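The values are calculated or read from the model by the stated rules, or taken from the named source; none is laboratory data. Predicted model only: the values in this text are computed from it and were never measured. Cβ: placed from backbone, ideal geometry, glycine included. Neighbour counts: every protein chain shown. SASA here: full protein model, heavy atoms, side chains in, ligands and nucleic acids out. Shrake-Rupley method; radii C 1.70, N 1.55, O 1.52, S 1.80 Å.
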Amino acid sequence: MPKRPLIPSNTLTYTQQSPPFPITNLIFTADPSNNNHSDHTLDPKQFLFPENNSSSKSELPYLLQAVAEAQILRRPSAIVYCESNFGKVDGKTANGLSRHSETYKIESIIDSDKAGRDAGMELDGKLNGIPICHDLADSLTRSDCIPDFYIFGMAPSSGMLSTHERGLIFEAMALGMNIVNGLHEFLNDDAEMLAASQLNKVQILDIRKPRAKKDLRLFSGAIKAVTCPRIAVLGTDGAIGKRTTATILTRALNDQGIKAILISTGQTGLIQGSRYGVALDAIPSQFCSGEMEASIVEAFTNEQPDVIIIEGQGALSHPAYLSSSFILRGSQANAVVLQHAPGRKQRCDFENEPMPTPASEINLIQTFANTKVIGMTLNHEFMSDQAMDDAITDYEKEFNFTVTDALTRPAQHLVDMVLNAFPELEEKLAVAV
C-alpha cells in the first residue's frame with residue numbers, strides 16, 4: 001500500500017513546548033495527484049512567498065487566512081488504537097476522537113472486541129461512518145493509502161505502554177505512520193522509539209510532554225484582566241464526560257452567536273485540535289495554576305470571546321487527582337457546571353472509593369473557590385432513558401437549576417444554563433438573529 005504524497009496541512013507539530021497557534025509550521029500530508037514528495041516541514045512565509053510568487057508581503061494576513069481555510073479540507077488521516085476499551089472509561093481518547101476531531105480525519109478505530117461495528121453507533125446509537133476494525137491490518141484495508149497517523153487512543157491509569165503495545169507502535173512506524181502519544185510515557189525520550197522514528201522518517205508527538213521548566217509560567221494575577229465569564233466544567237469522577245460536555249457546550253454557544261472558546265486541560269482535547277490549553281496533569285505542581293492562567297489569558301487576548309469554557313479533570317473530591325484544584329485556582333472561574341453519573345456507584349479505576357453525591361461535591365467546590373455551580377450535566381451510563389428523565393427531574397427539584405444530558409437532550413438546555421447565570425450574554429443572541 002502506498003504512502004500518501006504530501007501537501008500543506010493544518011496539522012501542527014504541537015507539544016506543550018510550543019503553543020498551538022495556527023500555521024506556525026506547515027506539515028505536509030496527502031496529495032494523490034503528486035508522485036514526487038519528501039517529508040519535511042515548511043515555514044509559512046517560504047510557502048506563501050517563493051521566488052516566483054508576485055504576491056506582496058502586505059497580503060500575508062489574507063493569504064494566511066486562505067491557507068487556513070483550505071487546510072480544513074486536508075486534514076491528515078489517522079487510525080486510532082483502542083484494543084478492548086472502545087466505549088469504556090479507559091478508551092476516552094478514542095471515544096472523544098470518534099465524536100469530534102478538528103485535527104485528524106479518523107479513518108478507523110482498532111478494537112477486536114467490537115470489530116465490524118460503527119463507532120458512532122457503538123457510542124451514541126448514531127452512525128458516523130467510522131468502522132471499528134480487528135487490528136492494524138484490517139484497518140489498512142479500509143484506507144486507499146497508509147494513513148498519516150497512528151494514535152494511541154487509550155488512557156490507562158498506569159500511563160504506560162505494554163510490551164505488546166510498544167510492538168504495535170514500531171509496526172506502525174515501519175509502515176510510515178507518524179505517532180500521536182497522549183500517555184505520561186514520553187516516547188521521544190525512549191532511545192528505541194526515537195531511533196525507529198528517525199529510521200522511518202516519521203514523527204512522534206508526545207502530547208503531554210511539558211515545556212522546559214525554564215519556560216513554564218507561574219501564577220501572576222493576569223487573570224484579573226480577563227473580563228468575560230469563565231465557566232469550568234468539573235465532575236464527580238474521572239472519565240465521566242467533562243470534556244464531551246465542554247465541547248458540546250462551546251459549540252452550542254457559538255451556534256447561537258455567543259463567541260465561546262474552549263480551554264483544554266487534558267491530552268484528548270489537545271489531540272482533537274483545541275487551540276488553547278495544557279495537559280495539566282503532566283505539569284510540575286508549582287506551575288499548574290500559572291499555566292492554567294496563562295492559557296486563559298492567551299485565549300482571551302487573541303480571541304476576545306464572550307465566554308471561556310474550561311475543561312475539568314478528575315474531581316475536586318478525588319483523593320488521587322489534584323488537577324481540579326489547579327483549574328479552579330488558575331482560572332478563577334466565575335461559574336461551574338458539574339458533570340455526574342447517577343448510575344456509577346464507585347469511582348472508575350478505584351473500586352473501593354464510592355462516588356460522592358452531587359450535593360457534597362457542590363458544597364466542596366463552593367467552599368474551596370469563590371464560584372457558584374450553575375447547573376448539572378449527567379452521564380447516562382447504566383441508565384435507561386426513563387431513569388435519566390427521573391434523575392433530571394429529581395436533581396432540578398433538589399438544586400433549583402438546569403440539569404440535562406449533553407449527549408441525549410437538546411443543546412439549548414446547556415445554553416439556557418449559561419444564560420440564566422449570565423443574562424448579559426443574551427445581547428449576543430440578538431446580534432446573531
Any residue at all in the range 81-96 that's crowded, with 20+ Cβ neighbours inside 10 Å and on the phi > 0 side of the Ramachandran plot?
yes
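Any idea which of Leu378, Leu425, Leu407, Leu338 is of a type outside the set (Asp, Glu), open to solvent by 40 Å² or more (accessible area, probe 1.4 Å) and touching a residue at least 12 places away in the same chain (Cβ under 8 Å)?
Leu407
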Breaking point among (1) open to solvent by 40 Å² or more (accessible area, probe 1.4 Å); (2) within 24 Å of Cys348 (Cα to Cα); (3) touching a residue at least 40 places away in the same chain (Cβ under 8 Å); (4) small (Gly, Ala, Ser), for Gly238:
(1)
When you scan the range 139-148, do you find a residue that is free of Cβ contacts under 8 Å to residues at least 60 places away in the same chain, among the β-branched types (Val, Ile, Thr) and surrounded by fewer than 21 Cβ atoms within 10 Å (Cβ to Cβ), even just one?
yes
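Could you please give the count of residues in the range 98-116 that are over 14 Å from Val80 (Cα atoms) and either crowded, with 17+ Cβ neighbours inside 10 Å or within 14 Å of the chain's Cα centre (by Cα) (or both)? Give the steps one after another, and end with the answer.
Here is the first cut: in the range 98-116, the ones over 14 Å from Val80 (Cα atoms) are 102, 113, 116.
From what is left, the residues that are either crowded, with 17+ Cβ neighbours inside 10 Å or within 14 Å of the chain's Cα centre (by Cα) (or both) are 102.
Here the count works out to 1.
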Pick out the one residue from Leu280, Leu322 that is out of contact with any Pro (no Cβ under 7 Å at 6 or more places or on another chain) and open to solvent by less than 10 Å² (accessible area, probe 1.4 Å).
Leu280
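Would it be correct to say that Lys126 is loosely packed, with under 15 Cβ neighbours inside 10 Å, under 23 Å from Ala406 (Cβ atoms) and free of Cβ contacts under 8 Å to residues at least 12 places away in the same chain? Quick ask: steps written out before the conclusion?
Working: loosely packed, with under 15 Cβ neighbours inside 10 Å: yes; under 23 Å from Ala406 (Cβ atoms): yes; free of Cβ contacts under 8 Å to residues at least 12 places away in the same chain: yes.
So Lys126 fits the description; yes.
Got at least one residue in the range 161-168 being open to solvent by 60 Å² or more (accessible area, probe 1.4 Å), more than 19 Å from Leu97 (Cα to Cα) and of a type in the set (Ser, Thr, Tyr)?
Quick first cut of the range 161-168, residues open to solvent by 60 Å² or more (accessible area, probe 1.4 Å) only: 163-164.
Cutting the leftovers down to more than 19 Å from Leu97 (Cα to Cα) gives us 163-164.
Applying the additional criterion that residues be of a type in the set (Ser, Thr, Tyr) yields 163.
Looking for residues that are open to solvent by 60 Å² or more (accessible area, probe 1.4 Å), more than 19 Å from Leu97 (Cα to Cα) and of a type in the set (Ser, Thr, Tyr), one finds at least one in the range 161-168, hence yes.
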Scan the range 389-401 and tell me whether some residue there is at pLDDT 95 or above, over 24 Å from His100 (Cα atoms) and assigned to a loop (DSSP other than H, G, I, E, B).
yes
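Evaluate the range 370-377: report whether one residue or more is outside any loop (DSSP other than H, G, I, E, B) and of a type in the set (Gly, Ala, Ser). Steps first, answer last, please.
Going through the range 370-377, the residues outside any loop (DSSP other than H, G, I, E, B) turn out to be 372-377.
With of a type in the set (Gly, Ala, Ser) added as a condition, the list becomes 375.
Looking for residues that are outside any loop (DSSP other than H, G, I, E, B) and of a type in the set (Gly, Ala, Ser), one finds at least one in the range 370-377, hence yes.
How many of the residues in the range 215-233 are closer than 23 Å to Glu185 by Cβ and open to solvent by 70 Å² or more (accessible area, probe 1.4 Å)? First the steps, then the outcome.
Our first condition is that a residue be closer than 23 Å to Glu185 by Cβ; within the range 215-233, this holds for 215-216.
Subset that is open to solvent by 70 Å² or more (accessible area, probe 1.4 Å): 215.
Adding up the residues that qualify gives 1.
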Within the bounds of the range 198-213, is there any residue that is assigned to a helix (DSSP H, G or I), small (Gly, Ala, Ser) and surrounded by fewer than 12 Cβ atoms within 10 Å (Cβ to Cβ)?
no
When residues of the range 241-277 are filtered for being open to solvent by less than 10 Å² (accessible area, probe 1.4 Å), of a type in the set (S, T, N, Q) and closer than 14 Å to Ala299 by Cβ, how many remain?
2
Would a scan of the range 226-249 turn up a residue that is under 17 Å from Lys428 (Cβ atoms) and part of a helix (DSSP H, G or I)?
yes
The correct count of residues that are touching a residue at least 24 places away in the same chain (Cβ under 8 Å), out of contact with any helix residue (DSSP H, G or I) (no Cβ under 6 Å at 6 or more places or on another chain) and among the charged types (D, E, K, R) in the range 201-223 is 5
Restricting to the range 356-372, and then to whatever is of a type in the set (A, V, I, L, M, F, W, C) and open to solvent by less than 30 Å² (accessible area, probe 1.4 Å), can you tell me which residue is nearest to Met417 (Cα to Cα)?
Ile362
